[in-house]
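J.: Please read through the structure below; I'll follow up with questions.
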Amino acid sequence: MLSYILRRLAATIPTLLIVSLFIFSLLYIGGGDPAAMLAGGEASAVEVEKIRETLGLNDPYLSRYMDWLTAALQGDLGQSLYSQKPVTELILQRVEPTAMLTVTTMIVVLVLSIPLGILAAWQAGRATDRAVMIFAVVGFSVPIFVVAYVGIYFFSVQWRLLPVQGYTSPFEDFPDFLGHMVLPSLALGLTLSALVARITRASMLEVLSQHYIRTARAKGLGDRPMLLRHALKNAAVPIVTVIGLAVATLIGGVVVTETVFAIPGVGRLTVDAILRRDFPVIQGVLLVFSFVYVLVNLAVDLSYSLFDPRIRYR
Amino acid sequence: MTDTANPPVPATPGRLRVMLRRHPTILWGSGILGLVLLLAVLAPVAFTADPRQVFPLDRLKPPTGAHWFGTDMLGRDIYSRTVYGARISLIVGFSVAACSVAAGLAIGLVAGSNRWADAVLMRILDGVMSIPAVLLAIALMAVSGAGIGNVILALTVAETPGVARLVRGVVLSLREQPFIEAAVASGSRYGSILLRHMLPNTVAPLLVQGTYVCAAAMLLEAVLSFIGAGTPPDVPSWGNMMAEGRAYFAIAPQIILFPGLLLSLTVLAVNLIGDGLRDALDPRLARQH
């Protein structure tokens, strides 16, 4: 198992190299002069030249990439052009709200989607199934900010049940933290829940048509143990796979959700960096998010053996 | 009896009609999308005002007879802006779908045919796909600057890898099929096998994937514009309208609500078409979903 994990980790290296090369090249894809772009429209030629020199833009391309990558691997993602602070520090300051939002959203998704998917598969073809499927299609079509603003309008503005915006750390005031997290995690979780509920239903239906389920029924097993003990476990692999892939949607959603709810996380940092054309920050955030995404999907691959003992890693 | 060369073709019940009856979601989706499309095409005559015209005295008005959807913080007519916004959304959705299907098809066919190209292309696509689509599009927009063309380009880059992977998968599985082996054995050149036997088999999955790409592109365009990295601020796109309405949401929810509603409805329509097409074109999947 350990050697398998190590080999899989090694296999992600080429992917991550390409990701990093791509992110590094972003500055040059636009076709313009990066130094002029970084300096902004009003900069004089002298200022542009100064930026070019400090960033080492006069060096050959690949050597600049290697320098950037070596520094990144040592935790140095460069300096923000706007605040002059190290990018790593900026990201680390913002990690907590984003991590918390991701965790609460995942809880919402799991609590909402898996029971719904099981229910729909169990009631396949009936009204309940229809309702869940309609939820799945609609939930997948409504943009996060629409859900978010409708939620804010009713729960915060009209009924004054929840705070409108902002963030409180759970380590300072836990109830307040929960209040702030309800709407963001619901808004962000809805799209993902729709996706996961759909796959849960499909995967459960596939399993429920198997012979051993018929046998289980024939020996008089009740619906509940049949669904939860026999079917769900065998249906788990596709569900976990989709959850892993959905992390990409989640990361994208974090950017929007943090903007709508004024949560000071990495997503908000990304948006601010874009509006200020703060390229070192943009590159740093992209690199970190992509790295997380690749690792999550590696973890998903490895988790298969937990759900299905037939899958062994050697 | 001399005209036996052209026997009358019996009127088939119409595969399209059968398909629509069996999969009513396609009909629903097309109906809604058709309405939005009609509204967008007829925007200048669809009872609209100039979407950029300001009525300073009518700012932040709720829906009335004169302004069906109310007015925004500058007193612009939200109904007109929403109708014109449909144009942007549809143009972006359809263009991105067409461009990424074309690019993905080309890349996928090459990757599926040549082992060396496959190894190189798939590594690159894996890399691009490990950057979440929204972030990739945001980054590309940050480099290239606001503009509809740039939005289409950025979203195409983000969506193409998925299409390419799909095509490659189809080509690889087709290569094992007896009819392809037969074509090879009978001496067909690879190019003609690719065009005459493989290409037609990619049409159905591409149609389905294309609709999903279209829906995703419309959502992503709104996201990009919403966070200020999409269409230029003076363009009345749905994302821009919702971004403008943020500060006034508590007093004038209509600024966000109407474009948001229309966006949801349009995306829903496209997704319904996609679901219906998938079920209709792939009976194996229809059983599961």
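The values are calculated or read from the model by the stated rules, or taken from the named source; none is laboratory data. Every value quoted in this text rests on a predicted model; they were computed, and no experiment measured them. Cβ sites come from the backbone with ideal geometry, for glycine too, and all protein chains shown count toward neighbours.
J.: More than 19 Å from B:GLY34 (Cβ to Cβ) and part of a helix (DSSP H, G or I) - does that describe any residue in segment B:62-76?
T.: Checked segment B:62-76: no residue is more than 19 Å from B:GLY34 (Cβ to Cβ) and part of a helix (DSSP H, G or I).
J.: Kindly check whether there is at least one residue in segment B:136-143 that is more than 10 Å from chain A (Cβ to nearest Cβ), crowded, with 17+ Cβ neighbours inside 10 Å and touching a residue at least 12 places away in the same chain (Cβ under 8 Å).
T.: no
J.: Moving to a separate point now. In this structure, does A:ARG126 turn out to be in contact with a Lys or Arg (Cβ under 9 Å, 6 or more places away or on another chain) and basic (Lys, Arg)?
T.: Against the criterion (in contact with a Lys or Arg (Cβ under 9 Å, 6 or more places away or on another chain) and basic (Lys, Arg)), A:ARG126 does not qualify.
J.: State yes or no: is B:ILE78 buried (at least 19 other Cβ atoms within 10 Å of the Cβ) and within 22 Å of B:ALA146 (Cα to Cα)?
T.: no
J.: On to the next question. Say we look at segment A:109-129 and pick out the residues that are part of a helix (DSSP H, G or I) and within 12 Å of chain B (Cβ to nearest Cβ); which of these is nearest to B:PHE226 (Cα to Cα)?
T.: Result: A:GLY117.
J.: What's the number of the only condition in (1) under 19 Å from the mean Cα position of the chain (by Cα); (2) more than 24 Å from B:VAL134 (Cα to Cα) that A:LEU192 fails to meet?
T.: (2)
J.: Something else: Which condition from (1) within 27 Å of B:PRO253 (Cβ to Cβ); (2) buried (at least 20 other Cβ atoms within 10 Å of the Cβ); (3) hydrophobic (A, V, I, L, M, F, W, C) is the one that A:LEU116 breaks?
T.: (1)
J.: If you don't mind, there's one more thing I want to ask. Which residue out of B:ALA106, B:ALA97, B:ALA119, B:ALA146 is away from every other protein chain (no Cβ under 14 Å) and surrounded by fewer than 24 Cβ atoms within 10 Å (Cβ to Cβ)?
T.: Only one candidate passes the filter, namely B:ALA106.
J.: With respect to the numbered conditions (1) more than 13 Å from every other protein chain (Cβ to nearest Cβ); (2) closer than 30 Å to A:PRO14 by Cα; (3) of a type outside the set (Gly, Ala, Ser), which one is the sole condition not fulfilled by B:VAL128?
T.: With respect to (1) more than 13 Å from every other protein chain (Cβ to nearest Cβ); (2) closer than 30 Å to A:PRO14 by Cα; (3) of a type outside the set (Gly, Ala, Ser), B:VAL128 is out only on (1).
J.: Here is a follow-up. May I ask you to list pairs of residues, at least six apart or on different chains, whose Cβ atoms are under 7 Å apart, with the first in segment A:1-25 being surrounded by 17 or more Cβ atoms within 10 Å (Cβ to Cβ) and the second being not in a helix (DSSP H, G or I)?
T.: Going by the 7 Å Cβ cut-off, the qualifying pairs are A:THR15/B:SER130; A:VAL19/B:SER130; A:VAL19/B:ILE131.
J.: Follow-up. Considering each residue of segment A:47-88, count those that are out of contact with any helix residue (DSSP H, G or I) (no Cβ under 8 Å at 6 or more places or on another chain), loosely packed, with under 14 Cβ neighbours inside 10 Å and modelled with pLDDT of 80 or more, and give that number.
T.: 10
J.: If you scan segment A:44-63, which residues turn out to be part of a loop (DSSP other than H, G, I, E, B) and either farther than 22 Å from A:LEU21 by Cβ or under 34 Å from the mean Cα position of the chain (by Cα) (or both)?
T.: A:SER44, A:LEU55, A:GLY56, A:LEU57
J.: Taking A:LEU101, is it touching a residue at least 60 places away in the same chain (Cβ under 8 Å), over 30 Å from A:LEU205 (Cα atoms) and surrounded by 13 or more Cβ atoms within 10 Å (Cβ to Cβ)?
T.: Criteria met by A:LEU101.
J.: In addition: Tally time: how many residues in segment B:38-61 are in a loop (DSSP other than H, G, I, E, B) and among the small types (Gly, Ala, Ser)?
T.: The total comes to 2.
J.: Taking the criterion of being part of a helix (DSSP H, G or I), closer than 23 Å to A:PRO14 by Cβ and among the aliphatic types (A, V, I, L, M), would at least one residue in segment A:264-275 satisfy it?
T.: no
J.: Go over the candidates B:VAL213, B:VAL270 one by one and state the one that is modelled with pLDDT of 90 or more, touching a Cys at 6+ places or on another chain (Cβ under 6 Å) and among the β-branched types (Val, Ile, Thr).
T.: B:VAL270
J.: Next up: Going by the structure shown, is B:VAL151 in contact with a helix residue (DSSP H, G or I) (Cβ under 8 Å, 6 or more places away or on another chain) and within 13 Å of chain A (Cβ to nearest Cβ)?
T.: no
J.: Checking B:ALA137 against (1) under 24 Å from the mean Cα position of the chain (by Cα); (2) of a type in the set (Gly, Ala, Ser); (3) at positive phi, only one condition comes out false. Which one?
T.: (3)
J.: A:LEU92 is checked against (1) in a helix (DSSP H, G or I); (2) surrounded by fewer than 20 Cβ atoms within 10 Å (Cβ to Cβ); (3) touching a residue at least 60 places away in the same chain (Cβ under 8 Å) and fails just one. What number does that condition carry?
T.: (3)
J.: Out of all the residues in segment B:218-228, is one or more at pLDDT 85 or above, in a helix (DSSP H, G or I) and more than 27 Å from A:THR191 (Cβ to Cβ)?
T.: Looking through segment B:218-228, none of the residues is at pLDDT 85 or above, in a helix (DSSP H, G or I) and more than 27 Å from A:THR191 (Cβ to Cβ).
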